[in-house]
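Nothing in this text is a laboratory measurement; each read-out follows from the coordinates by a stated rule. These figures come from a predicted structure and were not determined experimentally. Cβ coordinates were reconstructed from backbone atoms using ideal geometry, including for glycine residues, and neighbour counts include every protein chain displayed.
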């Protein structure tokens, strides 16, 4: 299941990240990497942009990027 | 003798680096950063005295752009990474946000691997304490192997201790920081270290550091060892070690493997040193977010804030602008009187003083707008703006943050170009800069009012004006899409952005930011604008045809009625402008505009519009021999325009004015913000061709349907 499919305020575990190295490194630096918990906090109209919580950091990302994050609901 | 210490100040964005640097240097020194846009490094130099050892130091603090990690993702991260790798410094001070320890320690582990002296500043400790976060900095010091100092820039806590630690680390023998890795990697490190020990290999760095760099496939180290005899024996060991690591991690991607290692270390370190009692602050930000980035309420709230900001910028800003205008007008008159109407008086009174006035005039706008933007930035709201609007703007190759410079463009392009600094991606910033001109600025309004008033009934004028503005904005978005597709191509950059915690703004930081902005505007834009104003003054006053002047002076001496005098004066002004360089240029370029239905007068007026859009109306006044005391409401001018300009040409003229190059002041600021004069060349070509083509189409269509 992809991060974009998560419901608001639902918690999930990251299982895999696809995409170019630069994007992966960026996500890593925010603490988005496999085995870490991720919560969807808010999304904009039409789900074009998502706000997620990882650790103590709120991160905004586009649906394009969120599509590359494979998750598992816990 | 003074000892020089060069300190590289590194940290993630939003950790209060700028505030800390202000606190350290006592805020006596200029720190001219726009929050978040420290793309260039700033250096702060100040003396510091070690009282105990009574040694004087000269501290050089180099403020590096904020970086989440040492990668090449953003321009900031590239700048920081390359500076840190250059090694042209003595000590790294790593500023860490104590309220977000784990993520910040990720960068710390990367910094520790640089093999340099490091001091960690646990900044914003006051905020962390308020949030119920307790950090054992002594334990953290032991784990990292470097001094960790609790600091708070706002409360001036730990500033002295930090400086002492820097000096101490600087003068002490260097001991390598320790990052501990997972067992499989530690095993391979020990294996390589054991081999090096056996060989008694001579190198200035510790074996552990060398082994680690070999496992990370560090290019510099490989190049160095490549020419050494030990290489033949070392190579198979490294190969073997790496294959063990690959096997264990089920991947051959070393950057990924070490990213996991760094993350695990940072997480482990945080667990050991940090205890948290409540979650209050975190919830606070999320509660505010529930409202501010709400799907339905977010955008209306944002629009309300924007409305307020523009009201302040352009309504409040107008008051000092009027004073400045009056002051410079009086100064200009006074100067001309003082010099007695000579050429020097005219140069200073008509060229230099109005030029300086035009620069200073924008200052109130810039200051108010930038206080507003600094507020949005420092409170953390700007990231929410990007979140709310990115979905729409991304479709046109722009970014959510493009909204603010674009809307500012409706007021004035000068602050709008400067506001584009909030965009960090180079392509998105350039596209935004290129289309700001499409948002018709306030100075174009008189031209629209004049032409709309002349050709449309009064009851339609409002709607036509509105249409002009909307059409401009839509054209701008289309132009953005075109630029994105054909010029600023390349992968659309991923959008992954931190939503920083909401914070109360620091007045001091805002003051520093705005002061720096205003000063750099006055200095850089000022010199060019004054020079260019003088050039335009020259072009419109020379060659000075003495024969013509005398001719008219003779005629003027003969007439008695005031009416005739002013008529003759106006005629003289018209002829003088026509034979000046500017008039000659207008005549020369007239054929270019002929297909658009413009006569030479309109061509000259467009030319003077490059100096300032307000001038277009007064130039038309002069050229229709009505004198220069006309404005867009002047009935004489409206009648003249109606009589002399066909409807199709008038519409084409409006379209051309909508799109072509903004005024001189804006052009200079554009060149500076875009990063070079060649960009102004591109903008000139881009806007002129677009304006010409669209005006041509409008002219032809209107003629065809024969309105």
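Observations, loosely collected:
- Separation of region B:130-157 from region B:373-439 is 37 Å, based on Cα centroids.
- Förster radius 30 Å - calculated FRET efficiency between residue B:565 and residue B:470, Cβ distance, rounded to 0.05: 0.05
- Cα gyration tensor shape of region B:573-707, rounded if a/c is under 1.5, else prolate or oblate by comparing a/b with b/c: oblate
- The protein assembly as shown shape via C-alpha gyration tensor axes, a/c threshold 1.5: prolate
- Stretch gain in nm, segment residue B:183-residue B:635, where the contour uses 0.36 nm per residue and the Cα spacing is subtracted: 153.9 nm
- Where only DSSP H runs of four or more residues are counted, chain B gives -20000 deg cm²/dmol as its mean residue ellipticity at 222 nm, each run worth -39500 (n - 2.57).
- When only alpha carbons are used to place a centre, region B:678-703 and region B:59-99 end up 44 Å from one another.
- Per-residue average of Cβ from other chains inside 10 Å of B:99-110: 2
- Averaged over the residues of peptide B:376-389, the number of Cβ atoms from other protein chains lying within 10 Å of each residue's Cβ is 2.
- Across region A:3-73, the fraction of Cα-Cα pairs farther apart than 19 Å, rounded to a whole number, is 20%.
- For the peptides B:98-105, B:549-556, B:155-162, residues were scored by their other Cβ atoms within 10 Å and the scores averaged per peptide; the highest-first order is B:98-105, B:155-162, B:549-556.
- Peptides B:565-577, B:62-74, B:427-439 ranked from most to least packed, by the mean per-residue count of other Cβ atoms within 10 Å: B:427-439, B:62-74, B:565-577.
- Take every DSSP beta bridge whose two residues both sit in the protein assembly as shown; close to 60 percent of them are antiparallel.
- Rounded, prolate or oblate (a/c below 1.5 giving rounded, otherwise prolate when a/b exceeds b/c) for chain B by Cα gyration tensor: prolate
- Label-to-label distance, residue A:74 versus residue B:590, with points set 7 angstrom from Cα along the beta-carbon direction: 7.9 nm.
- Packing rank of B:247-254, B:356-363, where each peptide gets the mean count of other beta carbons within 10 Å, highest leading: B:356-363, B:247-254
- Above 15 Å, the calculated P(r) of region B:323-369 contains 43 percent of its Cα-Cα pairs.
- Per residue of peptide B:495-507, the mean number of Cβ atoms on other chains within 10 Å of the residue Cβ is 4.
- Between residue B:276 and residue B:460, the FRET efficiency from the beta-carbon distance, with R0 = 56 Å, is close to 0.30.
- Between helix B:183-199 and chain B: long-axis angle, C-alpha atoms, 0 to 90°, nearest 10: 70
- Rounded Å value of the spacing that divides the Cα centres of region B:303-347 and region B:543-607: 27
- Ranked B:547, B:179, criterion: other C-beta atoms within 10 Å, fewest first: B:547, B:179
- Estimated FRET transfer efficiency (residue B:88, residue B:231; beta-carbon r; R0 22 Å; 0.05): 0.15
- Helix axis angle, B:231-249 relative to chain B longest principal axis, alpha carbon, degrees: 80
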